[in-house]
Amino acid sequence: MPKKLYFFLLLGFCLLTACSYDSEKAVKNGDVINMNGPIFNFDRFEQFLESVEAEDTAAVRIANYTLDGNPTLYNLSFDGSVFDLEIDRSKNKERGDNPRKMNLSCTDLVSEEGQQLFIYTLEGCKQESDVDNFLLLNILKEQIEDHEHE
């Protein structure tokens, strides 16, 4: 009996760790990581922006982490004219009543430069609810060295 118990405990542990998506794993996967301050792999987002500017197809994953380390994943793709965003909160323990996954289709990606932030917003979005704009990414200017913006 103890061998079966150990087996099930080990299996449960393996399943729990396989379901997590920590920031180290996200960095290794090449995701753009937003840790509410530090940002990693921003060059991937810049490459995405360059492809959008050239009207080429492109895709990028952004992992936004809460202060407690819970991720919300944004799988963003561009087909040359439309942005498709899948919001995946399935691994975020703090998602509350928000759906595990949600999809948006948007017409524009707008970048704004504030006093302390670069702000990226999807506009012209459509889905089941009345979402028109979606804040994609806020980045502190001090987190990005030698970052060029138009």
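The values are calculated or read from the model by the stated rules, or taken from the named source; none is laboratory data. Quick caveat, the model's predicted, so the values are computed rather than measured. No Cβ is skipped: glycine too gets one built from the backbone with ideal geometry, and neighbour counts run over all protein chains shown.
Computed values, structure above
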item	result
Filter result for Arg61 (touching a strand residue (DSSP E or B) at 6+ places or on another chain (Cβ under 8 Å), in a loop (DSSP other than H, G, I, E, B) and basic (Lys, Arg))	no
Options Leu117, Leu136: the member that is surrounded by 16 or more Cβ atoms within 10 Å (Cβ to Cβ) and either under 21 Å from Ile87 (Cα atoms) or modelled with pLDDT of 85 or more (or both)	Leu136
The lone exception for Leu85 - which of (1) in contact with a helix residue (DSSP H, G or I) (Cβ under 9 Å, 6 or more places away or on another chain); (2) part of a strand (DSSP E or B) it fails	(1)
Failed item, numbered, when Glu128 is tested on (1) modelled with pLDDT under 85; (2) surrounded by 14 or more Cβ atoms within 10 Å (Cβ to Cβ)	(2)
Condition check for Tyr74: at negative phi, among the hydroxyl-bearing types (Ser, Thr, Tyr) and touching a residue at least 60 places away in the same chain (Cβ under 8 Å)	yes
Qualifying position, being outside any loop (DSSP other than H, G, I, E, B) and in contact with a helix residue (DSSP H, G or I) (Cβ under 8 Å, 6 or more places away or on another chain), among Leu109, Leu136, Leu73, Leu122	Leu109
Matching residues, segment 83-126, being of a type in the set (Ser, Thr, Tyr) and in contact with a Lys or Arg (Cβ under 7 Å, 6 or more places away or on another chain)	Ser90, Ser105
Whichever residue in segment 51-93 is of a type in the set (D, E, K, R) and out of contact with any Leu (no Cβ under 9 Å at 6 or more places or on another chain) and, among such residues, is surrounded by the fewest Cβ atoms within 10 Å (Cβ to Cβ)	Asp68
Selection status of Asp68, farther than 25 Å from Leu140 by Cβ and acidic (Asp, Glu)	no
